[in-house]
Amino acid sequence: MAVGRELLTGRTVDTNSAWIAARLTDLGAFVARIVTVDDDPAAIAREIAGARERGVALVITTGGLGPTLDDRTLAGVAAALERGLVEHPAALAFVARRYAELAAANAVADPALTPPRRKMACLPEGAEPVDNAVGTAPGVFLLDGTHALLALPGVPAEMRAVFDAALPRLRACLGAPAHVVEREVASGSGDESVITVAVERVMGAVPGVHLKSLATAFAPDCDLRVRITARAATRAEAEARIARAAERLAAELARLS
């Protein structure tokens, strides 16, 4: 879930969600939903509550962790989980250290823990801060039974740093590792309406694979490519599924040509 009015107005392009989705897929997770919401605790809470109702194992948010008035992601998290926001000692120590470092580098004039700065140390009850090696707001990780939530900053460099710092916790809540393998193959056809028939047959015949034709402009020499994605408990099995799907696809396309 990407949080921010600037994303909804198109003033800022959401690159964070694509990066996170790719990382989670590489870890063997299945990303079921990507959504963008306003800086509104009620909207944030609705999405988190809906994810929990659907049995989602992990919710990741980006944005809204800073000191400003519109940084309200954690208020939405707390509302969704019916928990209060409390000042966390370790989070406060982190914020204090970061502003002391910034003051020493003359990046800010005063390292004092002003109310807006202390706000970044107020976490939902039961949550733990995650180190942010780049910015001043800690990430936040919360485990609630079988559901986990990770709140990341919105600045891409900070988001990536906090995600990496939280990786050991994420692996623990994603369950048994899975391997995802992708391969693109040429279809020999420029007509997506023909390819889709072959794709449907392959996915019905080869379990654990997903095929998607990559659309492009019509042209006399167009040769559309098909991306084959396989998931399995081992990389060898995923590779084997890819090979079976590619072979079956070639046969189906030959039959339709």
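Observations on the model:
- Selection from region 225-239 of residues that are among the aliphatic types (A, V, I, L, M), crowded, with 17+ Cβ neighbours inside 10 Å and under 13 Å from Ala178 (Cβ atoms): Ala230, Ala232, Ala238
- In region 133-152, of all residues being among the small types (Gly, Ala, Ser) and part of a strand (DSSP E or B), the one that is farthest from Ala57 (Cα to Cα) corresponds to Gly139.
- Evaluation of Ala245 against the conditions (1) of a type outside the set (Val, Ile, Thr); (2) part of a loop (DSSP other than H, G, I, E, B); (3) touching a strand residue (DSSP E or B) at 6+ places or on another chain (Cβ under 6 Å); (4) open to solvent by less than 30 Å² (accessible area, probe 1.4 Å) shows that the sole unmet condition is (2).
- Conditions (1) over 19 Å from the mean Cα position of the chain (by Cα); (2) in contact (Cβ under 8 Å) with a residue 24 or more places away in the chain: number failed by Gly145: (2)
- Residue check, Gly175 within 29 Å of the chain's Cα centre (by Cα), at positive phi and not basic (Lys, Arg): yes
- Annotation: of all residues in region 21-50 being in contact (Cβ under 8 Å) with a residue 40 or more places away in the chain and small (Gly, Ala, Ser), the one that is farthest from Pro67 (Cα to Cα) is Gly28.
- Candidate set from region 198-224 (those that are among the β-branched types (Val, Ile, Thr) and in contact with a Leu (Cβ under 7 Å, 6 or more places away or on another chain)); member that is most open to solvent (accessible area, probe 1.4 Å): Thr216
- Of the candidates Ala186, Ala148, Ala133, Ala157, the single residue that is of a type in the set (A, V, I, L, M), touching an Asp or Glu at 6+ places or on another chain (Cβ under 9 Å) and within 30 Å of Leu92 (Cα to Cα) is Ala133.
- Any helices (runs of 4 or more DSSP H) falling wholly within region 1-74 and containing at least 2 residues that are of a type outside the set (Phe, Trp, Tyr) and open to solvent by less than 20 Å² (accessible area, probe 1.4 Å): 16-26, 41-53
- Screening Ala151 against (1) crowded, with 20+ Cβ neighbours inside 10 Å; (2) out of contact with any Ser or Thr (no Cβ under 7 Å at 6 or more places or on another chain); (3) modelled with pLDDT of 95 or more leaves a single unmet condition, (2).
- Exactly one residue among Gly145, Gly190 is more than 28 Å from Arg72 (Cβ to Cβ) and of a type in the set (Gly, Ala, Ser), and that residue is Gly190.
- Ala172 assigned to a helix (DSSP H, G or I), touching an Asp or Glu at 6+ places or on another chain (Cβ under 9 Å), open to solvent by 20 Å² or more (accessible area, probe 1.4 Å) and of a type in the set (A, V, I, L, M, F, W, C): no
- Any chance Thr146 is in contact with a Cys (Cβ under 9 Å, 6 or more places away or on another chain) and under 30 Å from Arg255 (Cα atoms): no
The values are calculated or read from the model by the stated rules, or taken from the named source; none is laboratory data. These figures come from a predicted structure and were not determined experimentally. As a convention, Cβ positions derive from the backbone with ideal geometry for all residues, glycine included, and neighbour counts pool all protein chains shown. Side chains included, ligands, DNA and RNA excluded: accessible areas come from the protein's heavy atoms. Shrake-Rupley method; radii C 1.70, N 1.55, O 1.52, S 1.80 Å.
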